[in-house]
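*Asks:* Have a look at the structure that comes next, please.
Taken together, the values in this text are just the output of simple stated rules run on the coordinates, not laboratory data. Just so you know, these numbers come straight off a predicted model, no measurement behind them. Glycine gets a Cβ as well: all are built from the backbone with ideal geometry, and neighbour counts include every protein chain shown.
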Amino acid sequence: MEHPSQDSLLKHPNSITYESPYPLYALAISHSPHRVAVGSFLETFNNRVDVLSFDPETLTLKPQLPALSFDHPYPPTKLMFHPSTSSPNLLASSGDFLRLWDLRDHSAEPLSVLNNSKSSEFCAPLTSFDWNDVEPRRLGTSSIDTTCTIWDVERGVVETQLIAHDKEVYDIAWGEARVFSSVSADGSVRIFDLRDKEHSTIIYESPQPDTPLLRLAWNKQDLRYMATILMDSNKVVILDIRAPTMPVAELERHAASVNAISWAPQSSRHICSAGDDTQALIWELPTVAGPNGIDPMSVYSAGSEINQLQWSAAVPDWIAVAFSNKMQLLKV
Amino acid sequence: MATGLQMEERVPENLKKKLALAVRSIQWSYAIFWSISARQPGVLEWGDGYYNGDIKTRKTIQALELNADQLGLQRSEQLRELYDSLSAGEASPQSRRPSVALSPEDLSDTEWYYLVCMSFVFNIGQGLPGRTLANGEPIWLRNAHFADSKVFSRSLLAKSASIQTVVCFPFLGGVIELGVTDLVLEDPSLIQHVKTSFLEIPHPIISKKSAGAGNTRNDKNPACAVLDQDILDTKLVPHVQGEELDMVSPNNSSNGFEPNQPAEDSFLVEGMNGGASQVQSWQFMDEEFSNCVHHSMNSSDCISQTFVEPENDVSVPKGEQVNDHCLQDLQECNHTKMCFLDVRSNDLHYQSVLSSLLKSSHQLILGPYFRNYQRESSFVSWNKKGLAHCQNPGGETPQKLLKKVLFVVPRMHVGDLFDSPEDNGIKDVVWRPEADEIGMSNALAERGQKEKLNERFFTLKSMVPSISKDDKLSILDDAIEYLKELERRVGELESGRELTEVEARTKGKSQDSVERTSDNYGNNKTNNIKKPLINKRKACDIDETEPERNRVVPKEGSTDNVIVSMTNREVLIQMRCPWREGVLLEIMDAISNLQLDCHSVQSSTVEGTLSLNIKSKFKGSVVASAGMIKQALQRFTRKC
């Protein structure tokens, strides 16, 4: 049960650590070749995205050779590789704009900078985005201007823009090709169907009005379920879209606030969450919750508050976490 | 058999109809007629049955409107068909599927129970039906879902289906079994009633109650969702190798029976363990084996699925295979005389039948990854004690980085501040016309502008007390609060005082200070001119803390409210002056004109007197003397 100090080890049979000169936040993992993009978090204009190559066989994780890294204006709020294996070199980032990058052998070329505002040369700042894995030319961004923008990234045009919430939209997740969901500072989870843009469905509202919901994860293995986290809360709220307003479960074993959630890419019943208590917890959702709540199945303790978590379909038996200036791949 | 019935006649005609009427009249969930097996004399097997419990989905496309009667019969038949098709084995896995109206995903828990019952056979004297037949006496079993499996071999199944009461009584050489999800006290007259009113009369009475309505399952109410947790608690992570299995823990929603739970759980685990090692080829790495999975699909209810139904037909062939396997096991088990083994085999039966029938998309895929977790996984089993050890960084802002990403970073990008719209009138989504052109823009070009803005923000921040955070939003929030506070104070003072009003000074304001004011706080200034001022009331009594400083002692009696201390290039200014709107700005401007760069400003207004503590530094090479500074600032103290 003991775990060696994370600081001393860069490589351990079941976890691999990358230490960056900067604090890290955004993370993305690609299909083969397995690459990990890490975004710095510096509260200045100059930030950086580094691309590492990851070999699950030899358990190596190192900066790609020749080095592949590029400047990013402001910290990327999210990084994501193209969801299909056909375009493993396409990386998207959000922040001041939605940017697409083409990762070449020696360099990363900015492909496009997408601005969702017609009227201004400035884009409303983007808090997050999600790439539709069913329809990969479709990508949705969430913004603090209360809108969600659906892009056709192949054509580089806005497909539609919806005023999704009453307040800032903090996260967005696709369910199917035309259905997405978002969470907001207004405390609601809403589902949108692009075929009927007039309406949205409120799936959940935070118990105290206007407690912002910060992150959202849609269970890709069983689309009836999604998970969200609240501001300053140690709960992971599991929702069943068929039963709006009442969460089907609340996972409350974190000792401090939760920062990130990710459903298992290969199982409909497993979800991982990470938080300020430095722990990453893997939960298995029972069919029926007991009176004492649900206990997690397993736990990993990092050296400090875990800020980011990705359980990617690209490497389903690895979970990537970011804390302070480290990125770690954990064997599940 | 003592009954002497011919095998061919073991299921009386019209029995299904009679069962239907009987069970519906008493509003129970199901009725089964167990009859002597034709193939294996001395064994009771499924003869016929009628299902009257709740129904999850109706898939059939019906041309005709069926009445409740027909619907119920049809459902029972469809269930039977489904069972036949599932147990038909792998003979023609692809071809037979379409003929079945129902698929496993469509069934409610009670229907599962009913369906799985079809696979049971009982020796005479064994199990509930067997004993009923042997004794010739009815058996009334309450709390069937908690019954010892020696008494009621399907107790685990019953638990999953919330079947609480089961009644068996001999009938026509076989046994009629009735079951219901409610707890019903023993009532011989009910049996009599059923027997005489329905089963034994030729012409059935029309029942009043339509099928399916009576038996509400509890699991529609999420609040009742208790239980089962203990099972799941028992250390998950199965060490299963080889075939992945979908272990089924009873996924029921029976409630209010917690006291019995632990026993049930350990029993289940033991049973599964035993069963597994006995029949299946699963290997266990240690004794920690425990059960994990449960079928969620079928626990759910009739809420319509708004958006998506996960597609999962893939796994059918596998399910069938397992199914055959376990049906075969079942046969073996039933021939075993040892009660002990029966217990286990029944659990296995329960588990494997369900798991195979239910088989759908969710499997314990994590199993293979977890099986060696102690060696390979970074994760360790969770336990409550772990909580105590984990660091809980106290005092820190929770979700610090996440909040920065969401709240602060977006504001870094923009010169314009995005206020969240408060127009709560429009709730529903409107969308803007499609935008076909995209603005490619260069953020860098805007940096100059942003820097200026940042500078102004910095100034604003330095002027407002109690600014906690550095982000622009907080600065503005605090500034707004501060202004409100000041306005409130003005209001108080204006209404409360009877002092002579003093006209604001309208001239002599330095022009350059006006120019230096940015838009952000320009408004404050433009409104302030005519506002009355407050007489200063307090004399200066600021403590001097650093005596070694080059101190300029104020000379003028009543206006000695400016103290300037200099240490190298650091200048500490303490002053008091009558408060009026905009005075702070003017002071700041004046200080700025003296080539002083403020890095900390504390201000407070008490009874119309503005007290300021300013720490500043010379920014240029020209250094004003303390006297000059004082002189420049004293005009503010005199203004009234």
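*Asks:* Give me a single rounded figure for A:121-131: the average over its residues of other chain Cβ atoms within 10 Å of their Cβ. Working shown, then result.
*Replies:* Values: counts 7, 9, 6, 5, 8, 3, 5, 2, 0, 0, 0.
Per-residue shielding by partner chains comes out at 4.
*Asks:* Give me the percent of Cα-Cα pairs in the stretch A:11-259 that sit more than 25 Å apart, rounded to a whole number.
*Replies:* Working: 13865 of 30876 pairs.
Looking at the stretch A:11-259, the distances longer than 25 Å represent 45 percent of pairs.
*Asks:* Next up: Shape verdict for the stretch B:144-189, please, from the Cα gyration tensor: rounded (a/c under 1.5), prolate (a/b greater than b/c) or oblate.
*Replies:* Details: a/c = 2.10, a/b = 1.40, b/c = 1.50.
Oblate is the answer for the stretch B:144-189, as a/c is 1.5 or above yet b/c matches or exceeds a/b.
*Asks:* Taking a threshold of 25 Å on the Cα-Cα distance, which of the pairs A:Lys167/B:Lys452; A:Lys197/B:Lys403; B:Lys17/B:Lys159; B:Lys16/B:Lys150; A:Lys78/A:Lys326 fall above it?
*Replies:* Numbers: A:Lys167/B:Lys452 28 Å; A:Lys197/B:Lys403 30 Å; B:Lys17/B:Lys159 28 Å; B:Lys16/B:Lys150 29 Å; A:Lys78/A:Lys326 16 Å.
With Cα atoms farther than 25 Å apart: A:Lys167/B:Lys452; A:Lys197/B:Lys403; B:Lys17/B:Lys159; B:Lys16/B:Lys150.
*Asks:* Right, here's the next one. What does the charge dipole of the stretch A:182-262 about its Cα centre add up to, to the nearest 20 debye, if the Cβ of each Lys and Arg holds +1 and the Cβ of each Asp and Glu holds -1?
*Replies:* The calculation lands at about 280 debye.
*Asks:* When A:Lys78, B:Lys617 are ordered from fewest to most other Cβ atoms inside 10 Å of their Cβ, what list results?
*Replies:* So the ranking, lowest neighbour count to highest, is B:Lys617, A:Lys78.
*Asks:* I need the calculated FRET efficiency for the pair B:Glu481 and A:Asn46, taking r as the beta carbon distance and R₀ as 45 Å, to the nearest 0.05.
*Replies:* Details: r = 33 Å, r/R0 = 0.73.
My answer for the efficiency is 0.85.
*Asks:* Taking a label point 7 Å from the Cα of B:Lys452 along the Cα→Cβ vector, which residues of the stretch A:108-129 have an amide N closer than 20 Å to it?
*Replies:* Counting only backbone N, you get A:120-123.
*Asks:* Still on this structure, please answer the following. Given the Cα-Cα distance of A:Asp102 and A:Arg155 and 0.36 nm per residue of separation, how much length would full extension add, in nm?
*Replies:* On the way: separation 53, 0.36 × 53 = 19.08 nm, distance 1.55 nm.
Additional length available on full extension: 17.5 nm.
*Asks:* Once you order the gyration tensor axes a ≥ b ≥ c over the Cα atoms, which shape class does the stretch A:149-273 get: rounded for a/c under 1.5, otherwise prolate or oblate by comparing a/b with b/c? Write out the running numbers ahead of the final one.
*Replies:* On the way: a/c = 1.77, a/b = 1.41, b/c = 1.25.
Prolate, because a/c is 1.5 or more and a/b exceeds b/c.
*Asks:* By counting other Cβ atoms within 10 Å of each Cβ, how are A:Glu284, A:Glu252 ranked from fewest to most?
*Replies:* Values: A:Glu284 23, A:Glu252 15.
With the fewest neighbours first, A:Glu284, A:Glu252 line up as A:Glu252, A:Glu284.
*Asks:* Residues of the stretch B:119-137 with the amide nitrogen closer than 18 Å to a label point 7 Å from the Cα of B:Gln192, along Cα-to-Cβ, please.
*Replies:* Inside the label zone: B:137.
*Asks:* Give the average, rounded to an integer, of partner chain Cβ atoms located within 10 angstrom of each Cβ in A:62-69.
*Replies:* Values: counts 0, 0, 0, 0, 0, 0, 0, 0.
The per-residue average across the peptide is 0.
*Asks:* What's the average, rounded to a whole number, of partner chain beta-carbon atoms within 10 Å of each residue's beta-carbon in A:142-150?
*Replies:* Numbers: counts 1, 2, 11, 6, 4, 3, 2, 2, 2.
Average per residue, whole number: 4.
*Asks:* Using alpha carbon coordinates only, what is the Rg to Rh ratio of the stretch A:252-305, with Rh defined as the Kirkwood radius?
*Replies:* Values: Rg = 11.2 Å, Rh = 11.5 Å.
Radius of gyration relative to Kirkwood radius: 0.97.
*Asks:* Simple spin-label model, 7 Å along Cα-to-Cβ: B:Val623 to A:Glu198 in nm?
*Replies:* About 7.5 nm, to one decimal.
*Asks:* How would you rank A:Ile282, A:Ile294, A:Ile163, B:Ile163, going from fewest to most other Cβ atoms within 10 Å of each one's own Cβ?
*Replies:* Working: A:Ile282 25, A:Ile294 22, A:Ile163 19, B:Ile163 31.
Starting with the residue having the fewest Cβ neighbours, the order is A:Ile163, A:Ile294, A:Ile282, B:Ile163.
*Asks:* Only four residue types carry charge here, +1 at the Cβ of Lys and Arg and -1 at the Cβ of Asp and Glu. Report the dipole size of the stretch A:11-259 about the Cα centre in Debye, rounded to the nearest 20. Mind dumping the intermediate values first?
*Replies:* Working: 22 positive and 33 negative charges, 75 e Å.
Once rounded to the nearest 20, the dipole reads 360 debye.
*Asks:* How big is the charge dipole of the stretch A:67-117 about its Cα centre, in debye rounded to the nearest 20, if each Lys and Arg gets +1 on its Cβ and each Asp and Glu gets -1 on its Cβ? Could the numbers behind the result be given before it?
*Replies:* Values: 3 positive and 5 negative charges, 30 e Å.
Here the stretch A:67-117 has a charge dipole of around 140 debye.
*Asks:* Which of A:Ser112, A:Pro247, A:Asn132 sits closest to the plus end of the dipole of the stretch A:11-259, meaning its Cα is farthest towards the positive end, when Lys and Arg get +1 and Asp and Glu get -1 on the C-beta?
*Replies:* Sorting the options by dipole projection puts first A:Asn132.
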